[in-house]
Amino acid sequence: MTDDYTKLVERIRKDMRKTMKASRYQHSERTAATARKLCDMYDLDSDKGFLAGLVHDICKDYEDKALVALARQDGLPFDSLEKSHNNLLHGRAAAVLLETKYLIDDEEILEAVRYHTFGHAGMGDLAKIIYIADKIEPGRTHIPAGYMEMHDDDTLDEFIISVLQEGMNYLQNQGYNISSQTEQFLYSLVHATKEDA
């Protein structure tokens, strides 16, 4: 861990404590710690995983107007769910903020933060780690104790398929719509897994 990395993390933490609800900040710290463990499990850069996990929700408590203004800068279209629920743009807004305010140009980190809400077909391993970590960090009350250990022998794609399927079932049972991006992401993973079998 370099001095520059440590200084950046501390600067971001300081800013996050000013702009985020305490409960959301604590969720971010738990997601970062979970991402570090998952990176160790799958032989990925744990510092990058920790940083991406820490900042994934950095814009979650922003007003809708600010979220839209930031997210629009990535040049990607808004889908119908994002248009009707602007708070779902917080990952895209965060990726823009990381680039413009903190000068983070690591595409793996930016991709992981950008797509952690819905997932995205073709996203890389670090992005998959952050997607999982966000959903299974220990503060998530519907996740059983020892959940990560239950998936010890899974490939990363097998692990994320389980998390996606469980998450989609949970949302549907709560009466929420599933994003088409999430459905496409799951389909792409299942399809790739069958090809590899």
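Among the residues of segment 106-122, which ones are modelled with pLDDT under 95 and either over 20 Å from Val68 (Cβ atoms) or not in a loop (DSSP other than H, G, I, E, B) (or both)?
Gly119, Ala121, Gly122 - these are the residues of segment 106-122 that are modelled with pLDDT under 95 and either over 20 Å from Val68 (Cβ atoms) or not in a loop (DSSP other than H, G, I, E, B) (or both).
Quick check on my filter: what residues within segment 123-158 are open to solvent by 40 Å² or more (accessible area, probe 1.4 Å) and modelled with pLDDT under 90?
Matches in segment 123-158: Arg140, Thr141, His142, Pro144, Ala145, Glu149, Met150, Asp152.
Looking at segment 48-65 only, could you name the residues that are open to solvent by 40 Å² or more (accessible area, probe 1.4 Å), in a helix (DSSP H, G or I) and either in contact (Cβ under 8 Å) with a residue 24 or more places away in the chain or more than 19 Å from Leu88 (Cβ to Cβ) (or both)?
Once the filter is applied, which keeps residues that are open to solvent by 40 Å² or more (accessible area, probe 1.4 Å), in a helix (DSSP H, G or I) and either in contact (Cβ under 8 Å) with a residue 24 or more places away in the chain or more than 19 Å from Leu88 (Cβ to Cβ) (or both), segment 48-65 yields only Lys48.
Which residues, taken from segment 75-118, are of a type in the set (Asp, Glu), loosely packed, with under 15 Cβ neighbours inside 10 Å and either more than 25 Å from Asp4 (Cα to Cα) or in contact with a Gly (Cβ under 9 Å, 6 or more places away or on another chain) (or both)?
Scanning segment 75-118 gives Asp79, Glu107.
Take segment 28-47 and flag every residue that is closer than 20 Å to Phe118 by Cα and either open to solvent by 20 Å² or more (accessible area, probe 1.4 Å) or at pLDDT below 95 (or both).
Arg30 - this is the single residue of segment 28-47 that is closer than 20 Å to Phe118 by Cα and either open to solvent by 20 Å² or more (accessible area, probe 1.4 Å) or at pLDDT below 95 (or both).
Return only the number of the condition from (1) closer than 24 Å to Leu186 by Cα; (2) touching a His at 6+ places or on another chain (Cβ under 8 Å); (3) part of a loop (DSSP other than H, G, I, E, B) that Leu44 does not satisfy.
It fails just one condition, (2).
Somewhere in segment 175-183, is a residue open to solvent by 10 Å² or more (accessible area, probe 1.4 Å) and under 16 Å from Gly49 (Cβ atoms)?
No, every residue in segment 175-183 fails to be open to solvent by 10 Å² or more (accessible area, probe 1.4 Å) and under 16 Å from Gly49 (Cβ atoms).
Can you tell me how many residues in segment 85-105 are at negative phi and assigned to a loop (DSSP other than H, G, I, E, B)? Lay out the reasoning, then the answer.
Here is the first cut: in segment 85-105, the ones at negative phi are 85-102, 104-105.
Filter once more, so that each one left must be assigned to a loop (DSSP other than H, G, I, E, B): 85, 101-102, 104-105.
Qualifying residue count, segment 85-105: 5.
The values are calculated or read from the model by the stated rules, or taken from the named source; none is laboratory data. What you see is a predicted model; the values in this text were computed from it and never measured. For neighbour counting, all protein chains shown are included, and Cβ atoms are generated from backbone atoms with ideal geometry for every residue, glycine included. Quick note on the areas: whole protein, heavy atoms, side chains included, nothing else; ligands and nucleic acids left out. Shrake-Rupley method; radii C 1.70, N 1.55, O 1.52, S 1.80 Å.
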